[in-house]
Amino acid sequence: MRLAIITSNNFFGESLKSLLENYSFKNDISITLKDFSLDNIEEVDVIVSDYKFEQLKYLLKKSNIKENKIQELEKILISEKEFELPPKNNIYIKRPFRFIELVEVLHSMAERLKNKKDENFFLGYLSFIIPDRKLSYKDKNVVELTEKESDIIVSLFNSSDRGITKEEVMSQVWMLSPNIETHTFETHLFRLRKKIRENLFLKNLIVNKQGRYYLNHELIGQKN
């Protein structure tokens, strides 16, 4: 996993890089200051920054980075606020924070990014191709998912037998504490179900049984 630290504070950037190099991230870190041109943005997996989201977005656009690329990049923002509902692919860590918190988030991200690149999922007639973010049924009906919708589907595939709770999804996909009140999951789930219903013609692919979410095995069927 390749990191870019984007900051106007050179001391913060150098200190953070030095600490991260002790946690198996060596040779994967670059530091970029305020006036920059991030030429290798296509090779970056995660940005760590102490800028506010809108400021960071402005700097990235200034370097001719396209809007969709900005949205797709995983971003960890060091924030002064108690909590902000993160825009897509943003994670907030509030100051003051323990360094190990950042390391744990980065390791979780690294594992998630590895899974996205290396794995495809198959269950009955349902398949999900991670690099393309395409969910298909019987190899003919196909729908392309957003980043977070893909993460939800992957969580459901990974827990196809035991199911998964809302709190587990919030932790795995958004890395949020389960005691934070937010309707983020419900909003994404509603859109995901609608997209599946309209494109794969499956009305109840994702079911809720006693507070746990499952892929509907009866609906998916089994290949011969």
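The values are calculated or read from the model by the stated rules, or taken from the named source; none is laboratory data. Note that the structure is predicted; figures quoted are calculated from it, not measured. Neighbour counts run over all protein chains shown; Cβ positions are idealised from the backbone, glycine included.
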(request) For residues that are within 14 Å of Thr146 (Cβ to Cβ) and among the hydroxyl-bearing types (Ser, Thr, Tyr), tally how many sit in segment 182-214. (result) 2
(message) Of all residues being at pLDDT 80 or above and among the hydroxyl-bearing types (Ser, Thr, Tyr) in segment 3-29, which is nearest to Ile47 (Cα to Cα)? Just the residue, please.
(response) Thr7
(request) Name the residue, out of Ser159, Ser127, that is of a type in the set (Gly, Ala, Ser), at pLDDT below 85 and either assigned by TED's automatic domain parsing to the domain that holds Phe185 or exposed (fewer than 14 other Cβ atoms within 10 Å of the Cβ) (or both). (result) Ser159
(message) With without any contact (Cβ under 8 Å) to a residue 12 or more places away in the chain and assigned to a helix (DSSP H, G or I) as the only criterion, which of Ser155, Ser150, Ser171 stands out?
(response) Ser171
(message) Quick check on this structure: which one of Glu84, Glu43, Glu74 is at pLDDT below 80, closer than 26 Å to Asp132 by Cβ and within 19 Å of the chain's Cα centre (by Cα)?
(response) Glu43
(request) Run down Glu147, Glu167 and say which single residue is at pLDDT 80 or above, in contact with a Pro (Cβ under 7 Å, 6 or more places away or on another chain) and either closer than 28 Å to Ala4 by Cβ or surrounded by fewer than 17 Cβ atoms within 10 Å (Cβ to Cβ) (or both). (result) Glu167
(message) Could you list, ordered by first residue, the pairs with Cβ atoms under 8 Å in which the first is in segment 1-29 and in the same structural domain as Lys57 (by TED's automatic domain parsing) and assigned to a loop (DSSP other than H, G, I, E, B) and the second is at pLDDT 85 or above and of a type in the set (Asp, Glu), at least 6 apart or interchain?
(response) Thr7/Asp50; Ser8/Asp50; Asn9/Asp50
